[in-house]
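The values are calculated or read from the model by the stated rules, or taken from the named source; none is laboratory data. Please read all numbers here as calculations on a predicted model, not as lab measurements. Cβ sites come from the backbone with ideal geometry, for glycine too, and all protein chains shown count toward neighbours. For the accessible areas, the whole protein counts, side chains as well, though only heavy atoms, and no ligand, DNA or RNA atoms are used. Shrake-Rupley method; radii C 1.70, N 1.55, O 1.52, S 1.80 Å.
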Amino acid sequence: MTNHTDPVTLLEQIYDHTEGVLAEIGPDQYELPTPCTEWNVRELVNHVIGSVHFMASAVVGDAPPAGDPPDFTASKQPAEEFRAAADRSLAVWRTDGALDGSVHLGPVELPAQAALGLNQLDVLTHSWDVAEAIGVDRSMDPPVAESVLAASRMIISDEMRGERFAPAVPIADDAPAHDRLAAFLGRQPT
């Protein structure tokens, strides 16, 4: 695999990795804190699954469902819930024209390619967060992490730091790509 992977194939690799991490969540781990200090494991998993559904809906131009978001962890099968969202998302991103034009994401509109990059960044970063929180191997395929890190450096500006992203954390240049990505996004790899 190279860093020139088709962006939807890269997203599929990220989804596969994330599904594997979510499959590791034990029934007693949902209330654990995460590197996203505002969310515990349950809340973070619900965010990840919900955001994959939201992005798929946005790409096809559907409004998000009204009301409170569902608790995707209620079944205690977060990997299965995530896989359903991922399969829907991949089908949407693979439709003709999905990568053309723009995607309305609430108050912002992004070029479809940028929305796909945001989709990749959000899911991969939060899979790292969940792995860190539950104490499982957070490593990921280095070319996948390198691709998302390169995209992150283009997407995330200093102006975006503070509310959505913490300041970058210093890390060795030879650290694993997944930890360099996490550090760039303000996480403290242990």
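Here's the yes/no breakdown for (1) over 25 Å from A145 (Cβ atoms); (2) open to solvent by 20 Å² or more (accessible area, probe 1.4 Å):
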site: P27; (1), (2): yes, yes
site: S51; (1), (2): no, yes
site: T73; (1), (2): yes, no
site: A114; (1), (2): no, yes
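If you scan the stretch 124-135, which residues turn out to be of a type in the set (V, I, T) and modelled with pLDDT under 95?
Step one: list which residues in the stretch 124-135 are of a type in the set (V, I, T), which gives 125, 130, 134.
Across the stretch 124-135, the qualifying residue is only T125.
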Have a look at E81, E31 and point out the one that is assigned to a loop (DSSP other than H, G, I, E, B), within 23 Å of A133 (Cα to Cα) and of a type in the set (D, E, K, R).
-> E31
Pairing a residue in the stretch 57-69 that is within 19 Å of D87 (Cα to Cα) and open to solvent by less than 80 Å² (accessible area, probe 1.4 Å) with any residue that is at pLDDT below 90 and not in a loop (DSSP other than H, G, I, E, B), where Cβ atoms lie under 9 Å and the two sit 6 or more apart in sequence or on different chains, gives A58/L105
Run V130 past the list (1) under 20 Å from L44 (Cβ atoms); (2) in a helix (DSSP H, G or I); (3) open to solvent by 60 Å² or more (accessible area, probe 1.4 Å); (4) not acidic (D, E) and report the number of the one that doesn't hold.
-> (3)
State whether one or more residues within the stretch 18-27 are assigned to a loop (DSSP other than H, G, I, E, B), modelled with pLDDT under 95, under 15 Å from K76 (Cα atoms) and not small (G, A, S).
-> yes
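Residue by residue through the stretch 135-144, note down the ones that are surrounded by 19 or more Cβ atoms within 10 Å (Cβ to Cβ) and either touching a Lys or Arg at 6+ places or on another chain (Cβ under 6 Å) or more than 14 Å from L11 (Cβ to Cβ) (or both). Before you say what the answer is, go through the steps one by one.
Step one: filter the stretch 135-144 for residues surrounded by 19 or more Cβ atoms within 10 Å (Cβ to Cβ), giving 138, 140, 144.
Passing the criteria: only R138.
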Going through the stretch 70-119 in order, the residues found to be touching a residue at least 40 places away in the same chain (Cβ under 8 Å) and aromatic (F, W, Y) are F82, W93
Quick count over the stretch 136-190, residues being among the charged types (D, E, K, R), modelled with pLDDT of 85 or more and part of a helix (DSSP H, G or I), is 4
